[in-house]
Amino acid sequence: MQGAIANGIEGILGECGGSCACATCHCYVDESRLPELAAPSQTELDMLEHVAAERRPNSRLACQLKSTARLDGLILHLPATQE
Ligand code: FES
């Protein structure tokens, strides 16, 4: 989320600043790489109940994804709306 905001990526709002309290950083993770990500916390799962667009099995909150070299090339798709 921070990387997207800092680089002017449209379609991601991050209204709560990354505290897992708004669900406006909803994204869809490339399914082939889902196993590489840490499992979502219960707080993230709870917030995913409130996303504006369709929730899918590969839905995550971008602010909860830690960017590491291991995830280089990870593709995230953004939903049509965050509000
Ligand atoms: S920025 Fe608010 S939940 Fe991710």
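Read the figures in this text as sums done on the coordinates, not as results from a lab. Note that the coordinates shown come from a computational prediction; the quantities given were computed from them, not determined experimentally. Cβ atoms come from the backbone with ideal geometry, glycine included; neighbour counts cover every protein chain shown.
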Checklist outcome for this item: In segment 25-45, anything within 15 Å of the ligand (Cβ to nearest atom), of a type in the set (D, E) and over 19 Å from T81 (Cα atoms) is listed as none
Checklist entry - For the subset of segment 21-50 comprising residues that are under 10 Å from the mean Cα position of the chain (by Cα) and part of a loop (DSSP other than H, G, I, E, B), which member is nearest to D72 (Cα to Cα)? => result C25
Next on the checklist: Filter segment 51-83 down to the residues that are within 11 Å of the chain's Cα centre (by Cα) and farther than 18 Å from A6 by Cα and list them by number.
Outcome noted: V51, N58, S59, R60, P79
Next on the checklist: Is it the case, given these coordinates, that I9 is of a type in the set (V, I, T), out of contact with any Ser or Thr (no Cβ under 8 Å at 6 or more places or on another chain) and within 11 Å of L78 (Cα to Cα)?
Outcome noted: yes
Item to check | Filter pass, T81 being surrounded by fewer than 17 Cβ atoms within 10 Å (Cβ to Cβ) and either within 14 Å of the ligand (Cβ to nearest atom) or not in a loop (DSSP other than H, G, I, E, B) (or both) | outcome: no
Checklist entry - Restricted to segment 51-64, and to residues that are in contact (Cβ under 8 Å) with a residue 60 or more places away in the chain and not in a strand (DSSP E or B), which residue is farthest from the ligand (Cβ to nearest atom)? => result A62
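Suppose the filter is assigned to a loop (DSSP other than H, G, I, E, B), touching a residue at least 24 places away in the same chain (Cβ under 8 Å) and near the ligand (Cβ under 9 Å from one of its atoms); does G11 pass it? Reasoning before the result, please.
Working: assigned to a loop (DSSP other than H, G, I, E, B): yes; touching a residue at least 24 places away in the same chain (Cβ under 8 Å): yes; near the ligand (Cβ under 9 Å from one of its atoms): no.
So G11 fails the test.
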Checklist outcome for this item: Residue hits (segment 40-52; exposed (fewer than 15 other Cβ atoms within 10 Å of the Cβ) and out of contact with any Asp or Glu (no Cβ under 7 Å at 6 or more places or on another chain)) are S41, Q42, T43, L45, D46, E49, H50
Next on the checklist: I'd like the full set of residues that are in contact with a Ser or Thr (Cβ under 9 Å, 6 or more places away or on another chain) and surrounded by 15 or more Cβ atoms within 10 Å (Cβ to Cβ), limited to segment 21-39.
Outcome noted: H26, C27, Y28, V29
